[in-house]
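Shown next, in structure tokens, is the structure this report addresses.
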Amino acid sequence: MPDANDIATDAPSQLPSAKIGSRAPDFEARTTEGLVRLSDFHGRWLVFFSHPADFTPVCTSEFITFQNQIDRFRAMDCELLGLSVDSLYAHLAWVQDIEARFGVRITFPIVEDISMSVARAYGMVHDSSDSTAAVRSVFFIDPNGIIRAMIHYPLAIGRSVEEILRVLAALQTSDREGVSTPEGWTPGEAAVLPAPADIREADARAAMNGGAWYYTHKEAGQ
């Protein structure tokens, strides 16, 4: 099993291997909660996210909100895993400082990635970048270890934890009910049926709900 210092060490592997529909690159690394392998999370959903640096304002706001919402993630059978290229000791000091100043204890693991091997494998740090700071990437990894969605934000823009929860709920609903989710969908709202595969299905859809054959709602619980 490669560790965080062994991933992406030769030229071909410098290109990110994390893509939607692909298996999430495995790694083993030190974290604030001890040694962690990505494969340890198999069987559950995982939101794996990077931040540019410890002791920075936007990152602090995000981590406090992730922690405050951790029970909502876990109620959806999802764990959280953070990463930056800072050292383990910087992570530990930051966790302690957040608790001392804001009264919030960060309980999910934060990966140490000084070599940037994990960040490069996931496309969190780009080879052409003049900075070692990881962009604000979010990877939604399903219980089979497959990357199902990705979101990338620039360094200066904070993420919406509420949106991350919404995307997670949409992925789980789509899997469970065989539906798609329209723009702005939130849990409890009507989803839509996937596009029809042939003319017979299109004809059947045209008779449903009085709607267009290519845009057929399915109410929650139907």
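For (1) of a type in the set (Ser, Thr, Tyr); (2) touching a residue at least 24 places away in the same chain (Cβ under 8 Å); (3) over 30 Å from Asp54 (Cβ atoms), each residue gets a yes or a no:
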| site | (1), (2), (3) |
| --- | --- |
| Ile157 | no, yes, no |
| Leu165 | no, yes, no |
| Ala170 | no, no, yes |
| Gly184 | no, no, yes |
| Val192 | no, yes, yes |
| Arg205 | no, no, yes |
| His217 | no, yes, yes |
List the pairs whose first member sits in the stretch 98-126 and is outside any loop (DSSP other than H, G, I, E, B), whose second member is among the charged types (D, E, K, R) and open to solvent by less than 10 Å² (accessible area, probe 1.4 Å), and whose Cβ atoms are under 6 Å apart, counting only residues at least 6 apart or on separate chains?
Ala119/Asp113
Could you say which residue among Arg120, Arg136 is at pLDDT below 95, within 22 Å of Ala90 (Cβ to Cβ), surrounded by 15 or more Cβ atoms within 10 Å (Cβ to Cβ) and touching a Lys or Arg at 6+ places or on another chain (Cβ under 9 Å)?
Arg136
Any idea which of (1) open to solvent by 20 Å² or more (accessible area, probe 1.4 Å); (2) more than 13 Å from the chain's Cα centre (by Cα) is the one Ser160 doesn't satisfy?
(2)
Answer from Val104, Val125, Val167 - the residue that is closer than 26 Å to Leu35 by Cα, open to solvent by less than 40 Å² (accessible area, probe 1.4 Å) and within 17 Å of the chain's Cα centre (by Cα)
Val125
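The values are calculated or read from the model by the stated rules, or taken from the named source; none is laboratory data. As the structure is a computational prediction, the values presented were derived from the model and not from experiment. Methodologically, a virtual Cβ is constructed for each residue, glycine included, from the backbone with ideal geometry; neighbour enumeration extends over all protein chains shown. The accessibility values were calculated without ligands, DNA or RNA, using every heavy atom of the protein model including side chains. Shrake-Rupley method; radii C 1.70, N 1.55, O 1.52, S 1.80 Å.
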